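The values are calculated or read from the model by the stated rules, or taken from the named source; none is laboratory data. Here the structure is a predicted model, which is why all the values come from computation and not from measurement. Reconstructed Cβ throughout: ideal geometry from the backbone, glycine too, with neighbour counts over all protein chains shown. Ligands, DNA and RNA are stripped out before the accessible areas are found, and what is left, the full protein with its side chains, is counted by its heavy atoms. Shrake-Rupley method; radii C 1.70, N 1.55, O 1.52, S 1.80 Å.
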Amino acid sequence: MENRVIKNIDEFNALFSQGTAHPLVSIGDLGKVDLRIFEPTDFQAYCVVLMDANFGELIKQDTCMRYRAGTMFTAKPGEVISMNLDPSVRPAGKMLVFREEMIRNTGLGRDFYMFNFFDYEVFEALELTDSERRIIVNCYSNINAELHSSKDELTDHMLRLGIGQLLSYCKRFYERQFDMRKLRSSDFIRRLDALLETYYSPGSDLPRELGYPTVGWCASQFNLSANYFGGIVRREMHLSAQEYIQDKIVSRAKTLLADPSLSVDEVSDRLGFSYPNHFTRLFGRRTGMSPSAFRKSLH
């Protein structure tokens, strides 16, 4: 089946049998939608969806997940999403879409990097508490009210404020979810440290086969996306996942540099760097000195 492409807001609204109140933004009620919307579709827009019923499996990027009521997921332009519907459950929820042109060259667009949950996988959806759901529903209502208010020179600005508020609450609630998972898995960093120790343990072929450990590889060992994994590390350690992993690499490098029988190039090779200058650059950036200078300082 060929993927459906929603080229504009008019086409989106047609699936909800509603008129177009704004050319770049719309909200739809999933309880009133044409079920064809659940076929593989690229909305060519940012989507923020509240699932108010467990009515099937979401499929995004060939991964599927069934959500309980009160779950939110997002999609970005170019992603194809669909659902395997449960015929015994009526769809329910809200769907906000906004085109990239709505935020381009605006304050919301400048701050959009904060909302990295658009890159999360389907199994990393946001599970809302009852009180959080009420806040989110209110955000949808505020945006919808502005969409159907009389248009003036502040309309787009007010819509961006409403969208920004909704996304900011999602970010806040994700932080709460990170905290809850921290409580359920307080040994997360210990497990990560053990993973990196194993990576560089004697006899390990991983540096030779894979190079130095990356955020993506570490995240995959926890069955998480790189963005979600990075959010947990930042929440617990107050630095990025890349910085944390690099510090572990540098710590291992210091141990190897203490062995005078190993050249700097050999240390670089054992750490998984394809080029010694890449290792030297990383070491200098994290320590303020070159590997050779560090080795001399030991004596």
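Taken over segment 201-222, the criterion of being exposed (fewer than 14 other Cβ atoms within 10 Å of the Cβ) and either basic (Lys, Arg) or in contact (Cβ under 8 Å) with a residue 60 or more places away in the chain (or both) is satisfied by Arg208, Leu210. Is it the case, given these coordinates, that Cys170 is in a helix (DSSP H, G or I), touching a residue at least 60 places away in the same chain (Cβ under 8 Å) and either surrounded by 15 or more Cβ atoms within 10 Å (Cβ to Cβ) or of a type in the set (Asp, Glu) (or both)? In short, yes. Summed over segment 246-278, the residues that are under 17 Å from Glu209 (Cα atoms) and either assigned to a helix (DSSP H, G or I) or among the basic types (Lys, Arg) (or both) give a count of 8.
Go through segment 197-225 and give me each residue that's among the hydrophobic types (A, V, I, L, M, F, W, C), part of a helix (DSSP H, G or I) and either closer than 23 Å to Glu175 by Cβ or at pLDDT below 85 (or both). Within segment 197-225, Val215, Cys218, Ala219 qualify. Within segment 226-241, the set of residues being modelled with pLDDT under 90 and open to solvent by 10 Å² or more (accessible area, probe 1.4 Å) comprises Ala226, Asn227, Gly230, Gly231, Ile232, Arg234, Arg235, Glu236, Met237, His238, Leu239. Just one of the listed residues (Glu175, Glu153, Glu146) is buried (at least 16 other Cβ atoms within 10 Å of the Cβ) and acidic (Asp, Glu), namely Glu146.
Would you check which residues across segment 270-282 are free of Cβ contacts under 8 Å to residues at least 24 places away in the same chain and out of contact with any Asp or Glu (no Cβ under 8 Å at 6 or more places or on another chain) and list them? Passing the criteria: Tyr275, Asn277, His278, Thr280, Arg281. Report whether or not Ser292 is over 30 Å from Phe173 (Cβ atoms), in contact with a Pro (Cβ under 7 Å, 6 or more places away or on another chain) and assigned to a helix (DSSP H, G or I). Judged against the criteria, Ser292 is not a match. Taken over segment 136-155, the criterion of being over 20 Å from the mean Cα position of the chain (by Cα) and part of a helix (DSSP H, G or I) is satisfied by Val137, Asn138, Cys139, Tyr140, Ser141, Asn142, Ile143, Asn144, Ala145, Glu146, Leu147, Thr155. Every listed requirement among (1) under 19 Å from Ser201 (Cα atoms); (2) assigned to a helix (DSSP H, G or I) is met by Glu243 save one, (1).
For segment 34-75, filtering for residues that are open to solvent by 20 Å² or more (accessible area, probe 1.4 Å) and farther than 16 Å from Val122 by Cα leaves 6.
Can you find a residue that is of a type in the set (Asp, Glu), open to solvent by 70 Å² or more (accessible area, probe 1.4 Å) and over 21 Å from the mean Cα position of the chain (by Cα) anywhere in segment 112-135? Yes, some residue in segment 112-135 is of a type in the set (Asp, Glu), open to solvent by 70 Å² or more (accessible area, probe 1.4 Å) and over 21 Å from the mean Cα position of the chain (by Cα). Glu146 satisfies every condition listed in (1) touching a helix residue (DSSP H, G or I) at 6+ places or on another chain (Cβ under 7 Å); (2) in contact (Cβ under 8 Å) with a residue 40 or more places away in the chain except (2).
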